[in-house]
Amino acid sequence: MNPTKSNPLPTDKIAPAMANLKTTPKLTPVKQALQNHLIFSSFKTSATATNRDWYDVSAYTVRDHVVARWVKTADAYAEQDPKRLYYLSLEFLIGRMLSNAALNLGIQDELSDGLTTLGHSLERAVELEQDAALGNGGLGRLAACFLDSMATMNIPATGYGIRYEFGMFKQSIEHGQQVENPDNWLRYGNIWEFQRPEATYNIKFYGHVLHVLEHNVMNSHWVDAEQVVAMAYDMPVPGYGTETVNSLRLWSAKATREFDLRHFNDGNYERAVEERVETETISKVLYPNDASASGRELRLKQQYFFVSASIQDILRRFLSVHTMHTPADWALLPEKIAIQLNDTHPAIGVAEMMYQLVDVHRLSWDFAWGLVNKIFAYTNHTLMPEALETWSVELFGSLLPRHLEIIYEINWQFLSWVSRNFPGDADLLRRVSIIDETQGRRVRMAHLAVVGSHTVNGVAALHSELLKTTLFADFHKIYPNKLTNVTNGITPRRWLNQANPLLTALISKAIGDGFQQDLAKLVKLTPLADDKDFRKAFRAVKLANKQRLAAKIHSHTGILVNPNSLFDVQIKRIHEYKRQLLNVLHVITLYNRIRAGEQNLTPRTVIFGGKAAPGYWMAKQIIRLINDVAHVVNNDPAIGEQLKVVFYPNYDVSSAEILFPGSDLSEQISTAGTEASGTGNMKMALNGALTIGTLDGANVEIKEEVGDDNIFIFGLTTPQVAQTKANGYNPRDYYYNNPGLKQVLDMIGSGFFSPDEHNRYQAIIDNLLNNGDNYLLLADYASYIATQDEVGKLYQNQEEWSRRAILNVARMAKFSSDRTIGEYANNIWNVKSL
Ligand code: KVW
């Protein structure tokens, strides 16, 4: 084999502006900067400036401060050459940047004052920013919280993803039904991104593979491939209370120059333009499916596109600093880079790294595999079979012919090793194979990720245990030390400080600052739960946040809600396993009880929010049912202020920042064993809501932290769910034995809520009564209703309710994503803070 000579670049392209920068660039005072940007960046005067102009100048002003630190961070990384973490994720659900950047940099007050003296307001400016909605739900938001924590903890880390031209669709509700509208978030430009035309890579698709004997080695050449260019766009990730600003590098697809020359010269101008557009569709739109695999070719293209660009970029950065004289020099690679795979979406990275090391850099297979296995780690986020990605071998081989060969080789070596260690177990080999032969030959991406990674983690204690005993039980036997747990977390900067300034101020006043970086400090609130005055102040904050939410509800839906009622909130993607439908059954139960004249029920406002995947018909039916029920309940004069039902449209990060602080009750009611973790549950408790939930996902650990008396747990446990199903679960038994339940289902089934179409919800009823009630709503119904009654009763004792709510806030330390990132950094990545 040839010793590999790298192609060292003189400077690291990631931050070309930073070379030899030793002092902080000089910054103008904020008010002056706003005025300057109004003229020089927006070409406006105070008289002609629109609201959007004020957003723009605010963003430019804050951005200057961000960039000043960004170049210094890049400088420090280049100088110290630390081990770096690369977080590969198809989703980053960042939300708005302006207020978060201003908060993290500590210039929020200055900015707000500056805008006020110029006759404007920060609140109004902030509202004009479009969310960066480059994700579906929890998985994408987790990636964004991790970026915040890594920057705050000064960890040298880069996020890699796709710069979707259209992010998560915007949801509107028309005639009670979800309508999807495109999210054209880049329409007015994006002040937070920097195009990097110098950071581009060619990405190949299709073609075929030639095997050629060269200098006694069989080399592979991927030829006749179509090429697409990946161009980098960088977004800054400012840490809180630190100089560190990390990067989120997002790739955008562009047609190649050669493509232009070749096709346009053919003379068929229109066809050439069409093909160009086709090429660039790769980064056009985010797939709006949460926790279900799509199987479409374009999705696989997206995955390979961003993974190949990222790995080429990672290796280029490594080689720009380290010269490879002999193959052995490559042994340094795992000491300088760690790659985290956010679910299986980037799992093709295992094969791509082998491709780069073996085919491009000509390392031996075994040596390269030894490196790969020290670099990658994989996070699993779900056990749900429909979310597990597999690709037909046919599709895979046509799109990525060389990578299919590489996967076959990885699999061959892996299975040989397994059969040596577990001889005579042919069924084990079939079960763990990367290629599934049982459903017409498919590539199992989870198996590729497990085999290629040194560590595999679940996202909450229960989930990680279930991985060991169910989905990855065979792998756990084969690799007893590979599986581990890292419980998810959320960033307190966005989810407490930014979303809930009133609670933040109250806490600061009571225990001082510092909890933003060390959430364990919140434990100092514990004795204040017994302080009458503090409870009163805490309730005043909650009420103000509920008033803020009530105003939004009114402006988005026209519904007037009473801020003194119990705000009972379920906000998350709409999915059968999350059981929004169980919540609806409770709403209708309450409705019937109020109409039957029951006294002393606690007035409630039940709020739902969440998007359904556009192709998920049942989830859309559930949205429609919620709206139909809301219509009947809200317009029934016999109900009045006792019960209101709200479907809050277009649930996204920015509306979450209003909804979490305004919630009293957190609905976390998935069937036990189905929700890997959940993170909304953490955001709710941190903002002083009490949880009603099953022993599922991170609820289990929330219960451990806050104490059994400060959470409402109901329903079957995971083993009981399995047992119930094994015993031949018959939902009809529950239906016939519970008159209240029967009445509710009969009303839905007979068209009480859909008088214009009596059988509209027949499929929902069929699912529950005739098709096995897969998520055991009926089995958990009675327990849920009884527990909701306790909730209602407790709410009437406001002193006790707020005491428990304060204890929830005080005991949330574990759920800071700083703790989560600390565990990844120490136990998995072996990266250090700078
Ligand atoms: C495909 C997911 C988008 C596209 C998950 S599991 C699978 C996906 C698949 C998303 N998302 C969620 O990840 C969260 C973060 O770990 C968990 O809190 C949540 O329980 C899980 O459903």
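The values are calculated or read from the model by the stated rules, or taken from the named source; none is laboratory data. What you are looking at is a predicted structure, and each value in this text was computed from that prediction instead of being measured. Backbone-built Cβ (ideal geometry, glycine too); neighbour counts: all protein chains shown. Accessible surface areas use protein heavy atoms only, side chains included; no ligands, DNA or RNA. Shrake-Rupley method; radii C 1.70, N 1.55, O 1.52, S 1.80 Å.
Residues checked against (1) open to solvent by 30 Å² or more (accessible area, probe 1.4 Å); (2) within 16 Å of the ligand (Cβ to nearest atom):
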| site | (1), (2) |
| --- | --- |
| ASN545 | no, no |
| GLY558 | yes, no |
| VAL569 | no, no |
| GLU576 | yes, yes |
| VAL584 | no, no |
| ARG595 | yes, no |
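Taking the condition in contact (Cβ under 8 Å) with a residue 24 or more places away in the chain, open to solvent by less than 10 Å² (accessible area, probe 1.4 Å) and within 16 Å of the ligand (Cβ to nearest atom), does GLY167 pass?
The answer is yes for GLY167.
Give me the residue from the stretch 269-292 that is assigned to a loop (DSSP other than H, G, I, E, B), open to solvent by less than 40 Å² (accessible area, probe 1.4 Å) and on the phi < 0 side of the Ramachandran plot and, out of that set, nearest to the ligand (Cβ to nearest atom). Here the residue is ASP290. Only one of the numbered conditions (1) part of a helix (DSSP H, G or I); (2) open to solvent by 10 Å² or more (accessible area, probe 1.4 Å); (3) away from the ligand (no atom under 16 Å from the Cβ) is violated by LEU115, and that is (2).
When the stretch 132-154 is limited to residues that are surrounded by fewer than 24 Cβ atoms within 10 Å (Cβ to Cβ) and under 14 Å from the mean Cα position of the chain (by Cα), the one that is farthest from the ligand (Cβ to nearest atom) turns out to be GLY137.
When the residues of the stretch 387-410 are filtered to those that are under 20 Å from ASP343 (Cα atoms), away from the ligand (no atom under 16 Å from the Cβ) and not aliphatic (A, V, I, L, M), the one that is surrounded by the most Cβ atoms within 10 Å (Cβ to Cβ) is PHE396. Close contacts from the stretch 423-440, counting a first residue that is within 16 Å of TYR479 (Cα to Cα) and touching a residue at least 12 places away in the same chain (Cβ under 8 Å) and a second that is aromatic (Phe, Trp, Tyr) and surrounded by fewer than 16 Cβ atoms within 10 Å (Cβ to Cβ), with Cβ to Cβ under 6 Å and a gap of 6+ residues or different chains, come to LEU428/PHE422.
For the condition touching a residue at least 24 places away in the same chain (Cβ under 8 Å) and part of a loop (DSSP other than H, G, I, E, B), THR200 does not qualify.
Results for (1) over 34 Å from the mean Cα position of the chain (by Cα); (2) aliphatic (A, V, I, L, M), shown as yes or no for each residue.
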position: PRO755; (1), (2): yes, no
position: TYR761; (1), (2): no, no
position: LEU778; (1), (2): no, yes
position: SER783; (1), (2): no, no
position: ALA786; (1), (2): no, yes
position: SER802; (1), (2): no, no
position: ILE806; (1), (2): no, yes
position: ILE821; (1), (2): no, yes
position: TRP829; (1), (2): no, no
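Among the residues of the stretch 293-303, those identified as assigned to a helix (DSSP H, G or I) and either modelled with pLDDT under 95 or in contact with a strand residue (DSSP E or B) (Cβ under 7 Å, 6 or more places away or on another chain) (or both) are LEU300, LYS301, GLN302.
GLU123 meets all of the listed conditions (1) free of Cβ contacts under 8 Å to residues at least 12 places away in the same chain; (2) of a type in the set (Asp, Glu); (3) surrounded by 24 or more Cβ atoms within 10 Å (Cβ to Cβ) but one, namely (3). Within the set ASP766, ASP789, ASP756, the sole residue that is free of Cβ contacts under 8 Å to residues at least 40 places away in the same chain, part of a helix (DSSP H, G or I) and surrounded by fewer than 14 Cβ atoms within 10 Å (Cβ to Cβ) turns out to be ASP766. Close Cβ contacts (under 6 Å, 6 or more residues apart or on different chains) running from residues in the stretch 656-683 that are on the phi > 0 side of the Ramachandran plot and within 12 Å of the ligand (Cβ to nearest atom) to residues that are open to solvent by less than 20 Å² (accessible area, probe 1.4 Å) and assigned to a loop (DSSP other than H, G, I, E, B) comprise GLY678/GLY697; GLY678/ALA698.
Results for (1) open to solvent by 10 Å² or more (accessible area, probe 1.4 Å); (2) more than 14 Å from the ligand (Cβ to nearest atom), shown as yes or no for each residue.
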| residue | (1), (2) |
| --- | --- |
| MET324 | no, yes |
| ALA328 | yes, yes |
| ASN342 | no, no |
| VAL372 | no, yes |
| PRO385 | yes, no |
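Would you check if there is a residue in the stretch 741-748 being in contact with a His (Cβ under 7 Å, 6 or more places away or on another chain) and of a type outside the set (Val, Ile, Thr)?
no
Can you say whether TYR77 is assigned to a helix (DSSP H, G or I), aromatic (Phe, Trp, Tyr) and surrounded by fewer than 22 Cβ atoms within 10 Å (Cβ to Cβ), as far as the supplied structure shows?
So TYR77 fails the test.
In the set (1) in a helix (DSSP H, G or I); (2) out of contact with any Gly (no Cβ under 6 Å at 6 or more places or on another chain), THR820 fails one condition alone, (2). Residues that are closer than 30 Å to VAL443 by Cα, touching a Lys or Arg at 6+ places or on another chain (Cβ under 6 Å) and away from the ligand (no atom under 16 Å from the Cβ) do not occur anywhere in the stretch 307-321. All but one of (1) part of a helix (DSSP H, G or I); (2) away from the ligand (no atom under 15 Å from the Cβ); (3) within 20 Å of the chain's Cα centre (by Cα) hold for VAL350; state the number of the condition that does not hold. With respect to (1) part of a helix (DSSP H, G or I); (2) away from the ligand (no atom under 15 Å from the Cβ); (3) within 20 Å of the chain's Cα centre (by Cα), VAL350 is out only on (3). Among the residues of the stretch 359-370, those that are touching a residue at least 12 places away in the same chain (Cβ under 8 Å), in a helix (DSSP H, G or I) and open to solvent by 10 Å² or more (accessible area, probe 1.4 Å) comprise ASP359, TRP365, PHE367, TRP369.
Please find, among GLY295, GLY349, the residue that is surrounded by fewer than 19 Cβ atoms within 10 Å (Cβ to Cβ), within 19 Å of ARG444 (Cβ to Cβ) and touching a residue at least 40 places away in the same chain (Cβ under 8 Å). Within the list GLY295, GLY349, the selection yields GLY295. Tally the residues that are part of a helix (DSSP H, G or I) and open to solvent by less than 20 Å² (accessible area, probe 1.4 Å), restricting the search to the stretch 506-533. Total satisfying the criteria: 5.
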